[in-house]
Amino acid sequence: MIKSFEELLSVSETYRKSLEKQYIKVLVCGGTGCVAGGSLKIYERIKELVKEKGLLVEVNLEKEQEGISVKKSGCHGFCEAGPLVRIEPFNYLYLHVKVEDCEEIVQTTVINRKPVERLMFKSNGKVYPTEDEIPFYKKQTRTVLENCGRIDAEHIQEYIAKGGYKAAGIALTEMRSKEICALVSEAGLRGRGGGGFPTGKKWEQVLNQKEPVKYVVCNGDEGDPGAFMDRSIMEGDPHKIIEGMMIAGFATGANNGYIYVRAEYPMAIERLSIAIEQAKDYGLLGKNILGSNFNFDIHINQGAGAFVCGEGSALTASIQGERGMPRVKPPRTVEQGLWAKPTVLNNVETFANVPIVINEGIDGYRKYGTETSPGTKAFALTGNVVNTGLIEVPMGTTLREVIFDIGGGIRDGKRFKAVQIGGPSGGCLCFIEKHLDIKLDFDSLKEVGAMIGSGGMVVMDEDTCMVEVARFFMNFTQKESCGKCIPCREGTKRMLEILERIVAGNGTVEDIDLLYELADTVKNTALCGLGKTAANPVLSTLEYFKDEYMAHVVDKVCPTKTCKKLTKIQIDKDICKGCSKCSKVCPVGAITGKIKEPFTIDTKKCIKCGTCIDTCPFKAIKEV
Ligand SMILES: Cc1cc2nc3c(=O)[nH]c(=O)nc-3n(C[C@H](O)[C@H](O)[C@H](O)COP(=O)(O)O)c2cc1C
Ligand code: SF4
Ligand code: SF4
């Protein structure tokens, strides 16, 4: 039990020294992606091997112990190359590690302190031994994600050893509520959940409410397709979120906090639960925290995984046990949020920024980012890019730097076509080549009619059909519409029907006019952000790729051959040698012919499975 700020600082120093005694640290990535790739078995095996040698130090920083520690950390970010193992103090990063590699890793690096080159990142014949040198990491600035992949998220001692809860100590014992709100305002922190609303201003509005009972709510719903930033922070550094929420509670006069996490994130729920229990045991949650007279508790609320529950008023309704449906505003959440009390609702990443603001001060925080969007932003980089994963860059970094320098460019040497950013809630707009030098910050994106959104970034190559992309997102929003208001409930359904018609080859030019009309109506009349932004993928693809829509409705072809109903499989008579291999593999008997003469495909029977294309040794079969 830590009773004062001074005690916290002294405990932190003790833990830091104990950590230093661990002369080698093996950090096995325990993020969801690497766990799915078998990283927990790797973790157990390395631990077992080090233990056999009598060198294992179990995490207990109360006592100083010399030796080797083996830890399961949060997401290292480079998900594409997982399972990942990082070894300190050399900072070697091993990629695509398998259980069979563990003996060599332990013998060569852990015992003999030499690198295992075959497990390192290589490009153009060059070996990159450490994380800092790998291009994927080099252009990043990891401040919010600083501890993700570097500490064992299940041990509060490691967080404290890294200076954790110091910001809470400063805030609770040396600052007044008003001062904290002013500091957060002046540092320029803006909400990372989509809209970029100034966090300090929101806190001040809650602080100024007369009502004595107030709440702090952390939005960990993260329902956007392609997004996993918040999940990675919850899994990799849960104490940072707790610390941010605690400071928000003190700054606004709230004594209870709720973290809303979707049930599909079991690892995030487990690590947050462990972290809350540990913080209580250490006296960092509960009554009279650090002797400041401030009481604060945090509860976890599991959501059923509905995208609309990420919207503020739907989220608070869901916590209250009601159906997660948005309501008309005002009253706003800052006036009447959870249980109709004034509520601070912020995103996971926003809370994780708060300790940095307090520790670094205004100038320190503003060191990164732009004048109006200070700090950094985490993005989940996915799609047809070489290096996918979790990244963090200063606000103002360009799309080109993210996609080509960090992401390594487009896969398989293909051409860049578009990037979808922001997720359905953030605007879901597509950017094309001419936008590559746009700066990723709240205001630059606003200028081109977009929003940073939550931070999901889906990169698409030349083979992506943009009409199908619009259909995919409309299908998502239509399914996730809560149905409370008619424009969204009916409008998204009708727009989806039209898009389905177009990709099936049954669309008309009039359908495109109807899409514009429906988009306009839903945008202007829907009750919440889900409906208001549902048409954005349609509008932005129509703006930049109208020719693709026209090809579908007029010429009845899909230029990228993605829309199966618009393609045919044909055998080129001039190339076919009549070997009969294709007819033997066709599952529906659509291919016939005489040996040594060109074969033919009955297009009525063909189900376009493509098995024949893969089988033909002469490449005589093509999709046209
Ligand atoms: C349909 C919909 C889904 C949303 N989903 C999320 C979400 O998953 N996480 C989130 O932080 N904000 C989400 N938001 C935005 C929230 O309503 C709210 O603005 C945000 O949590 C405020 O936090 P911030 O100021 O820290 O960004 C969503 C909004 C809409 C309309
Ligand atoms: S816009 Fe859609 S999700 Fe939002 S309240 Fe209306 S029906 Fe529900
Ligand atoms: S496998 Fe190729 S070469 Fe052989 S019959 Fe079929 S199309 Fe002709």
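The values are calculated or read from the model by the stated rules, or taken from the named source; none is laboratory data. Predicted, not measured: the structure shown is a model, and the values here were computed from it. No Cβ is skipped: glycine too gets one built from the backbone with ideal geometry, and neighbour counts run over all protein chains shown. Heads up: the accessible areas ignore ligands, DNA and RNA and are worked out on the full protein's heavy atoms, side chains in. Shrake-Rupley method; radii C 1.70, N 1.55, O 1.52, S 1.80 Å.
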Gly456 vs. criteria among the small types (Gly, Ala, Ser) and either away from ligand 2 (no atom under 16 Å from the Cβ) or within 30 Å of Arg231 (Cβ to Cβ) (or both): yes
Candidate set from the range 251-266 (those that are open to solvent by less than 40 Å² (accessible area, probe 1.4 Å) and hydrophobic (A, V, I, L, M, F, W, C)); member that is nearest to the chain's Cα centre (by Cα): Val261
From the options Lys604, Lys577, residue that is loosely packed, with under 12 Cβ neighbours inside 10 Å and either without any contact (Cβ under 8 Å) to a residue 12 or more places away in the chain or of a type outside the set (S, T, N, Q) (or both): Lys604
Where Leu207 falls short, out of the listed (1) away from ligand 1 (no atom under 16 Å from the Cβ); (2) over 26 Å from the mean Cα position of the chain (by Cα): (1)
Sole exception among (1) of a type in the set (Val, Ile, Thr); (2) modelled with pLDDT under 95; (3) assigned to a helix (DSSP H, G or I) for Val59, by number: (3)
Filtered residues of the range 88-130 (kept if open to solvent by less than 50 Å² (accessible area, probe 1.4 Å), free of Cβ contacts under 8 Å to residues at least 12 places away in the same chain and within 20 Å of Lys41 (Cβ to Cβ)): Thr108
Within the range 180-209, tally of residues that are of a type in the set (Ser, Thr, Tyr) and surrounded by fewer than 19 Cβ atoms within 10 Å (Cβ to Cβ): 1
Residue in the range 338-358 that is nearest to Glu204 (Cα to Cα), counting only those that are open to solvent by 10 Å² or more (accessible area, probe 1.4 Å) and touching a Gly at 6+ places or on another chain (Cβ under 7 Å): Leu345
Neighbours by Cβ (under 6 Å, 6+ apart or cross-chain): first from the range 292-308, farther than 30 Å from Glu6 by Cα and open to solvent by less than 50 Å² (accessible area, probe 1.4 Å); second of a type in the set (D, E, K, R) and in a strand (DSSP E or B): Gly303/Arg262; Gly305/Arg262
Matching entry among Lys329, Lys280, Lys287 (being away from ligand 3 (no atom under 16 Å from the Cβ), without any contact (Cβ under 8 Å) to a residue 40 or more places away in the chain and within 24 Å of Arg231 (Cα to Cα)): Lys280
Residue in the range 398-412 that is part of a helix (DSSP H, G or I), without any contact (Cβ under 8 Å) to a residue 40 or more places away in the chain, among the hydrophobic types (A, V, I, L, M, F, W, C) and out of contact with any Gly (no Cβ under 9 Å at 6 or more places or on another chain) present: yes
Extreme residue, modelled with the lowest pLDDT, among residues of the range 10-34 that are of a type in the set (A, V, I, L, M, F, W, C) and in contact with a helix residue (DSSP H, G or I) (Cβ under 7 Å, 6 or more places away or on another chain): Leu19
Residues that are over 29 Å from the mean Cα position of the chain (by Cα), outside any helix (DSSP H, G or I) and not polar (S, T, N, Q), drawn from the range 85-130: Arg113, Lys114, Pro115, Val116, Gly125, Lys126
Which listed residue is within 21 Å of Thr477 (Cα to Cα), more than 16 Å from ligand 2 (Cβ to nearest atom) and of a type outside the set (S, T, N, Q), from Leu527, Leu514, Leu518: Leu514
Residues of the range 577-595 satisfying the condition of being polar (S, T, N, Q) and near ligand 3 (Cβ under 8 Å from one of its atoms): Ser580, Ser583
Enumeration of residues in the range 47-56 that are in a loop (DSSP other than H, G, I, E, B) and either loosely packed, with under 13 Cβ neighbours inside 10 Å or of a type in the set (A, V, I, L, M) (or both): Gly54, Leu55
Test result for Lys47, out of contact with any helix residue (DSSP H, G or I) (no Cβ under 9 Å at 6 or more places or on another chain) and of a type in the set (Lys, Arg): yes
Residues being more than 25 Å from Lys417 (Cβ to Cβ), away from ligand 1 (no atom under 16 Å from the Cβ) and either crowded, with 17+ Cβ neighbours inside 10 Å or among the charged types (D, E, K, R) (or both) - total across the range 504-556: 5
Residue selected from the range 310-335 under the condition near ligand 2 (Cβ under 10 Å from one of its atoms) and not in a loop (DSSP other than H, G, I, E, B), by the criterion farthest from Tyr215 (Cα to Cα): Ala314
